[in-house]
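Below: one structure, written as structure tokens.
The values are calculated or read from the model by the stated rules, or taken from the named source; none is laboratory data. On a predicted model such as this, the values are computed, not experimentally measured, just so you know. Glycine also receives a Cβ, built like all others from the backbone with ideal geometry; neighbour counts cover every protein chain displayed. Note: accessible area is taken over every heavy atom of the protein model, side chains too, but ligands, DNA and RNA are not part of it. Shrake-Rupley method; radii C 1.70, N 1.55, O 1.52, S 1.80 Å.
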Amino acid sequence: MGLSLPSFFAILFLLLGVNGEILAGDTSFDANYYVTWGNNNVLSLNGGAEIQLSMDKSSGAGFASKLSYGSGFFHLRIKLPDKDSAGVVTTFYLTSHTNNHDELDFEFLGNREGRPYTLQTNVFSNGEGNREQRIHLWFDPTADFHDYRILWNQHLIVFYVDDIPFRVFKNNTNIGVIYPTQAMRIEASLWDGDSWATDGGQTKTNWSAAPFKAHYQGFNIDDGCSSTATQGPSEQCYSSNFWWNQEKYWKLDSNQQKAYENVRTNFMTYDYCSDRPRFPNPPPECLQQ
Ligand SMILES: *[C@@H]1O[C@H](CO)[C@@H](O)[C@H](O)[C@H]1NC(C)=O
Ligand SMILES: *[C@@H]1O[C@H](CO)[C@@H](O)[C@H](O)[C@H]1NC(C)=O
């Protein structure tokens, strides 16, 4: 019952990752991304498998995917700036760069040393945002890399920290809520947001702690449908040939739902849906989730 010699070698090559391909986790930054600003503040590490963005008084930095996508399951691995990071904003987001843009945001808001980071998320559709939610993380995001992910199909948008879904935005087109449909690029940046990011802008960036450094990994983009459509949806990206479009991903399963509720009960610090002074009448999607 032994393996034939050819299959033995096929398996060996798969294990070693030498089958003409680089292992997904080691995909080089240059394969799928490019620097968009702050070139002097970008450092490539481990042969491009890791990128360091830094922020000093002169500049932050940012990068973007070469392609745009019409659906997919997107991720980056990020280790946030440590120590005194008040005012410093580290981001990972999808954006369409159109006038009435669609955008799905992870924004990590730094804090004074010893105080927790806030992870703010937002959803823009057709130029309309104002959908901020904020959580505290249940681990130290400056100590290690963690996976931050966004699922986007025709029915559902889910934000994940590692495998934990903590925000859901449903397709509520039927009650008049515009759903993101425009092709979006993946972007990330490190910048000075001290006019708003920490304690509503009252806690400022401590420049004597500069440069601030964020590290990114995970530059493989295996699960995205590339598209250039900016007017209306990319229909070909809704095909069920893409696993993330299948019915299983139209809502959370019961285990995911439990994990989601746990985060919202224990780690949520702000939800636009329950901000009555700001929205005396909650936006329609808030009544549906
Ligand atoms: C959202 O749902 C509606 C039906 O309610 C459907 O017609 C539409 O194709 C869905 N997807 C998008 C991206 O709007
Ligand atoms: C700013 O950073 C310096 C050096 O890291 C530190 O000594 C100082 O206490 C910090 N200032 C504030 C206001 O936290």
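Kirkwood Rh and Cα-based Rg: tell me the resulting Rg over Rh for the chain, rounded to two decimals.
We get a ratio of 0.99 for the chain.
Taking the chain as a whole, which cysteines find no other cysteine Cβ under 4.7 angstrom from their Cβ?
Isolated Cys, the chain: none found.
Quantify, in whole percent, the carbon and sulfur part of the accessible surface of the chain (1.4 Å probe; protein heavy atoms only).
50 percent
Could you tell me which residue out of Ser254, Phe63, Ile178 lies farthest along the dipole of the range 22-288 toward its positive end? Charges go on the beta carbon: Lys and Arg +1, Asp and Glu -1, centred on the Cα centre.
Ile178
Name the lysines eligible as straight-distance cross-link partners of Lys83: C-alpha to C-alpha under 22 Å, and not fewer than 8 places from it in the same chain.
Lys83 reaches Lys57, Lys204, Lys213.
How many nm is it between the label spots at Gln246 and Thr98, if each spot is 7 Å from the Cα in line with the beta carbon?
3.0 nm
Return the distance in nm (one decimal) between the two label points of a simple spin-label model at Asn46 and Ser195, each offset 7 Å from Cα along Cα→Cβ.
So the label points at Asn46 and Ser195 sit 3.6 nm apart.
Nothing charged except the Cβ atoms of Lys and Arg (+1) and of Asp and Glu (-1): what's the magnitude of the dipole of the range 139-212 about its Cα centre? Round to the nearest 20 debye.
Dipole size: approximately 420 debye.
If I take R0 = 30 Å and measure r between the Cβ atoms of Asp82 and Thr173 in this structure, what FRET efficiency does the formula 1/(1 + (r/R0)^6) give, to the nearest 0.05?
That gives a FRET efficiency of 0.10.
Relative contact order of the chain, please, whole-number percent, based on alpha carbon pairs below 8 angstrom and at least 6 residues apart.
25 percent
Using only the alpha carbons, work out the radius of gyration and Dmax of the range 200-244 in angstrom.
Calculated on Cα positions, Rg and Dmax stand at 19.9, 52 Å.
Rounded to the nearest whole Å², what accessible area per residue is found for the range 22-288 with the 1.4 Å probe?
Roughly 45 Å² per residue, with all protein chains present.
Considering only C-alpha atoms, what is the centroid distance from the range 124-151 to the range 74-107, in Å?
Centre-to-centre distance over Cα atoms comes out at 8 Å.
Which value, in debye to the nearest 20, describes the size of the charge dipole of the range 214-287 about its Cα centre when Lys and Arg Cβ atoms bear +1, Asp and Glu Cβ atoms bear -1, and nothing else is charged?
The dipole of the range 214-287 has a size of about 280 debye.
Farthest toward the dipole's positive end in the chain, which of Thr98, Met268, Ser240, given Cβ charges of +1 (Lys, Arg) and -1 (Asp, Glu) about the Cα centre?
Projecting each Cα onto the dipole axis, the largest value belongs to Met268.
First measure r as the distance between the Cβ atoms of Asp144 and Ser58, then evaluate 1/(1 + (r/R0)^6) with R0 = 35 Å and state the FRET efficiency to the nearest 0.05.
E between Asp144 and Ser58, to the nearest 0.05, is 0.75.
Mind ordering 150-157, 241-248, 98-105 by average Cβ neighbours within 10 Å, highest first?
150-157, 98-105, 241-248
To the nearest 0.05, how large is the calculated FRET efficiency for Leu287 and Thr265 if R₀ is 25 Å and r is the Cβ-Cβ distance?
It comes to 0.80.
Run the numbers for Asp30 and Glu132: contour at 0.36 nm per residue of separation, minus the present Cα-Cα distance, in nm.
Gain in length upon complete extension: 33.5 nm.
Quote the charge dipole size of the range 22-288 about the Cα centre in Debye, to the nearest 20; the model charges only the Cβ of Lys and Arg (+1) and of Asp and Glu (-1).
360 debye
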